[in-house]
């Protein structure tokens, strides 16, 4: 069977676990060479070895995407290695949910830095390459929290709504260069995001919701991303909202 992404190059942030790792495996299985970005080098190396063992091609690039210089260097290394960047998946993110009153504002800054500025830095570094190629696909992973507001998630909401607004403006600016954009909005998904929550009552409430239903897996979101990036060039899947069947909001 012909692979759908043969000769394509994909760059994935937050690739050390969860949705990012699952997406790397899915795109590599379809023939894409994948650049793996995250801060945890050992996990990236393990994933790259797994992809190589399955016959794929992967490059581990330990990167903190909140550092603009590191983000730009990772994009440049990917381009210098393979000569193009066809797909950018902005997946890296954190979720420090808590009530606004009494919140740790350092956690707010971390969410803004990673969930928004990381997306902006990676896009800013990649866009000129895609314009020169006159092709490309930028996938930004937002959340159902980028559509609906939730108590005790106000700043996470703000970052994910920001990703949605940025993505649509990006689409309008870049469509004339053959560049597609897709927003992926997962509902409750089994990832490490819940481990980030330091506010005990909020974390316990989230875990209770997760345990009450069959949550999505990273592979489910990876399949949605794969669907979007394997459409014909004239088809731009702008937005995919995906929830577990048992999730109410």
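The values are calculated or read from the model by the stated rules, or taken from the named source; none is laboratory data. All figures in this text were calculated on a predicted structure; none of them were measured in a lab. Note: ideal-geometry Cβ built from the backbone for every residue, glycine included; neighbour counts use all protein chains shown.
Observations on the structure shown:
- Within the range 48-94, tally of residues that are part of a loop (DSSP other than H, G, I, E, B) and closer than 14 Å to residue 122 by Cα: 10
- Which listed residue, of 44, 27, 36, is in contact with a strand residue (DSSP E or B) (Cβ under 6 Å, 6 or more places away or on another chain), in a helix (DSSP H, G or I), without any contact (Cβ under 8 Å) to a residue 60 or more places away in the chain and surrounded by 19 or more Cβ atoms within 10 Å (Cβ to Cβ): 44
- When 191, 182 are checked against the criterion of being part of a loop (DSSP other than H, G, I, E, B), within 14 Å of the chain's Cα centre (by Cα) and surrounded by 18 or more Cβ atoms within 10 Å (Cβ to Cβ), a single residue qualifies: 191.
- Positions within the range 212-222 being in a helix (DSSP H, G or I) and closer than 17 Å to residue 143 by Cβ, in sequence order: 218, 220, 221, 222
- Search result, residues across the range 2-24 that are farther than 17 Å from residue 138 by Cβ and touching a residue at least 12 places away in the same chain (Cβ under 8 Å): 3, 4, 6, 7, 16, 17, 18, 21, 22
- Some residue of the range 60-73 being more than 22 Å from residue 114 (Cα to Cα) and either surrounded by fewer than 20 Cβ atoms within 10 Å (Cβ to Cβ) or within 14 Å of the chain's Cα centre (by Cα) (or both): no
- Residues that are within 19 Å of the chain's Cα centre (by Cα), at pLDDT 95 or above, closer than 30 Å to residue 247 by Cβ and outside any helix (DSSP H, G or I) do occur in the range 119-138.
- Which numbered condition residue 97 fails, given (1) in a loop (DSSP other than H, G, I, E, B); (2) surrounded by 24 or more Cβ atoms within 10 Å (Cβ to Cβ); (3) touching a strand residue (DSSP E or B) at 6+ places or on another chain (Cβ under 9 Å): (3)
- For residue 10, the conditions (1) at pLDDT below 95; (2) closer than 15 Å to residue 222 by Cα are fulfilled apart from (1).
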